[in-house]
Structures are given as C-alpha cells and as structure tokens.
1. If Lys and Arg each add +1 and Asp and Glu each add -1, what is the summed charge of the other residues whose beta carbon sits under 15 Å from the beta carbon of Asn94?
2. Over the Cα atoms, compute the radius of gyration (one decimal) and Dmax (the largest Cα-Cα distance, rounded to a whole number) for the stretch 206-337, in Å.
3. How big is the dipole moment of the stretch 337-438 about its Cα centre under a simple scheme where the beta carbon of each Lys and Arg is +1, that of each Asp and Glu is -1, and everything else is neutral? Debye, nearest 20, please.
4. With N set to the number of residues, divide the alpha-carbon radius of gyration of the stretch 66-337 by 2.2 N^0.38 Å and report two decimals.
5. Amide H to amide H under 5 Å from Ser221: which residues, 5+ apart in sequence or cross-chain, H placed 1.01 Å off N in plane?
6. Give the residue from Phe109, Gly360, Phe269 lying farthest towards the positive end of the charge dipole for the chain; charges sit on Cβ (+1 for Lys and Arg, -1 for Asp and Glu) and the dipole is referred to the Cα centre.
7. Given all pairs of different Cα atoms, what value in angstroms does the Kirkwood hydrodynamic radius of the stretch 158-231 take?
8. Mind checking the dipole of the chain: about its Cα centre, +1 per Lys or Arg Cβ, -1 per Asp or Glu Cβ, Debye to the nearest 20?
Amino acid sequence: MAVNLSREEMESFWMPFTANTTFKADPRLLTHADGMHYTTHDDRQILDGTAGLWCCNAGHNRSKITEAVTKQLSTLDFAPTFQMGHPIGFELANRLTEISPKGLDSVFFTNSGSESVETALKIARAYWRIKGKPGKAKLVGRIKGYHGVNFGGISVGGLVMNRKHFGQTLDVDHLPHTLLEKNRFSKGLPDYGTELADNLEDLVGLHDAENIAAVIVEPISGSAGVILPPKGYLKRLRELCDKHDILLIFDEVITGYGRVGAAFAADEFDVTPDLITTAKGLTNGVIPMGAVFVRKDINEAFLAAGNGAIELFHGYTYSAHPVACAAAIATLDVYKEDDLFARAKSLHHYFEDAVHSLKGHKNVIDIRNYGLVGAVELQPREGKPGARAYEVFKKVYETGALVRQTGDIIAISPPLIIEKEQIDRIINLLGDAINAVD
Ligand SMILES: Cc1ncc(COP(=O)(O)O)c(C=O)c1O
C-alpha cells in the first residue's frame, strides 16, 4: 500500500548524512523488506544493491533471526553487563571466537561501528600504559579512511567533510591512501602501490615508534568509494608494525562477516591484525551491535594489571544487549547454514565481470571490486563534485534498484544471497542510468 508523508510529518527527524531539505521535497521512503527486495513508499519493488547500508548480508526478513529476537524479548529483554552478566552474551562471544582469526579470542561488545572504533583506539592506548609505555599514544589512520563519526574515528579518519566542521581532533597522523591512477580498472587487488605502506617508516622517523600506539586501516575502504589494498600492502603494514612494536587495527565494519568471501578480510588477505572492529553484518543489520576482537594476550595483560579489580574503565549500557546477542547468534547460524561466506567467494568472478562490463560507459573513469563489493567511479562535473553520481543513484532507484552514492562513486554491496540474474539486473539498471545522465 502506498504511503505518503507530508513535509510537516517529516520535519522533526533530522536525518543523518542526508541533504534534508532536498530529500524532504522529494523523499525516497522504504516501507518493507524481504529477501533481496525493498518496497518503496510508492509501492514498487526495488532490488537491494547495498545490503541496506552494507549490513544485511543474509538478505532481509530472515525468519530465523526474527524468531530469535522475538523469543529473546520475552525471555530476557535487558540485563546489565557492568558487574553482572547473562548467558547469551558469553554464548555469542564464544560463537564469534569460533570464526575470528587465530589469536583474536577476546570480544568487547559495542552498539555500532563508530563505538567499536572508539573502543579499539582506547584499548590500544591503555594497553601501552599497562606495558609501562604511556608515551605510545599517537594514533595513525589513513587519508580517505572512514572509521565512523565519533571523535576518535574522525581523527584517524581521512575524509575532509567528516572532519573539517568539528574543530580539534586527537593526536594523530595519516598514511597516504592507496587509490592510484595507474591501478584504474584493476580486477580485484591492484598491482601497484605496495610501497605506500612504507610511509609508516616516515611517520616513525617523524614521531618515533615510542610515541605511536596503533595504526588503523580498513582492509578495503568502503565509504570512501571502495579503495583496495595493493597486493602485499597489508602484509607490509603488518611487518612494519611488528618491527616497531605498533598495534595494527583492522576496521572490518564493512569487510567483516562474509563480504569479501571469508569471515574477515584478515582471513582473505592472510594478515592477522592485533584488533578487529566490526558491527553491521554481525546482526544482519537487524539490531544495532558491534564487536571488537582483541588479541588474547592483550586482554590478559589488562586482566593481570587489574589484579582482580575493574581492568578497563570502558563500556556501554547496551554492550552485549541480550536481544542483539540473540539476533547475532541467529545471524551466525544463517551464515553457516546457507554457507554465505563461501557463496560470496563463489560469486566473486561473476560479480567482477558484471561490474567491469561498465567500462567504456559514459564518464566512467575507474571500476574496482573484491568479493561482493564493487565501485564505479564517474568523472566529476566541473565545479560540482558528486552531482553526476547523485543523479545516477536517483535514476537507478527510480528504475528499480538501490545503489550507494559516495562522492562521484557508485558503490554496490548486495546481500550475499544475491542471484546471478539479480547482479545482471542491477548492473543493467546502473549502466542505463550512467548512459542517461549527462
Ligand atoms: C569501516 C567503517 N568503520 C566504522 C563505521 C561506522 O559504523 P556505524 O555507522 O555503525 O557507527 C563504518 C560505517 O560505514 C565503516 O564503514
């Protein structure tokens, strides 16, 4: 049934990362979701090419998850985890360490990717204090990185619009990004740019490793428009962090839970960081939740230092919320039963060929992909960055699919249940839209 909201009805909700005035003049409302489809307010079925916002990896309305959430609501709706506990929190942590990279056996629960990032950064700094090295406090991020929207995250993040309005940030420095012109139209991981990791040596030369706590990177940057690590880059970063005793944090809020064809990008790229931040796909997007994986001996250092008292003065009212735990456990069950991580891997080449078939379309200047993540970059309009891609995004939405616009890039990250014909349809709609927009 069609749903219409008046301007007045939409006034109070200050929408995030949205051009509120423009949106409310011509809104795009989603009213239902099932499987690979959303229903729009004007009663159209559109294909979900973005897994919601990179989170509904198992598709929408999964009965197993819905039932688990419903049951949990009437079993234990809420219970604190500060000096109290509940079995389902421990159950979920144990389930997660079954799939986490070897050695990352301690789990700290949060409610979002941004909170996972803040948690990881705080653990990194506090860890060095415990080790008697309080000077190791500087955090290193990367230009074009996205690590959520809280102060730690925007400090290590490298997207100007997310930083420039908010004043002083934390004590950080940045590595260069890995988006190189000579890698344009690479399929999968690009060949050039491994040496960009060596810029960490320069930062060590500038600040001294005695002052650096951690490096945080997204194995694949999502929000900046799907920027891939050059072959060997992440391994090199790992080696340099080892050499200088700097913690390595992978922000896997997007890459975690199957998107790249393995449980984590750390597995796929065979590089084990010291901490991993996650959220989104953890609960299939159904209930907000994040989880930070921490190397076991880091956790043990805290426990030893705590000497039986509270060892980390950090946590959220809703850390390990029982209903979120139920959603996450059911989600992990669905991933396993449907073998969805392997499914993403098996679709890698099909998806890659489909996305790269847009090469040669009007204004297309680059195409990038890995697993079930793809991006098509368009030539920006003179003086109007993002305008062309925004029109393409709108046209695709009007003709039957949801893709994501970020700057002049259209990103595609469908649920891992997507069928080949549905990949074709999204790509056809995107190709038509690109050709139709000047
Ligand atoms: C890599 C990365 N880190 C952190 C975040 C922030 O997550 P949230 O929006 O759940 O706070 C995101 C969100 O897209 C992300 O892509």
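1. Net of charged neighbours comes to -1.
2. Rg then Dmax for the stretch 206-337, in Å: 16.5, 50.
3. Charge dipole, the stretch 337-438, about its Cα centre: 320 debye, nearest 20.
4. 0.99
5. Placed amide hydrogens put Ile227 under 5 Å from Ser221.
6. Gly360
7. Radius from the Kirkwood sum: 14.2 Å.
8. I would put it at about 420 debye.
Every number in this text was worked out from the coordinates using simple rules, so none of it is lab data. Computed from a predicted structure; not experimentally measured. Neighbour counts are summed over all protein chains in view; Cβ atoms, including those assigned to glycine, are modelled from backbone coordinates with ideal geometry.
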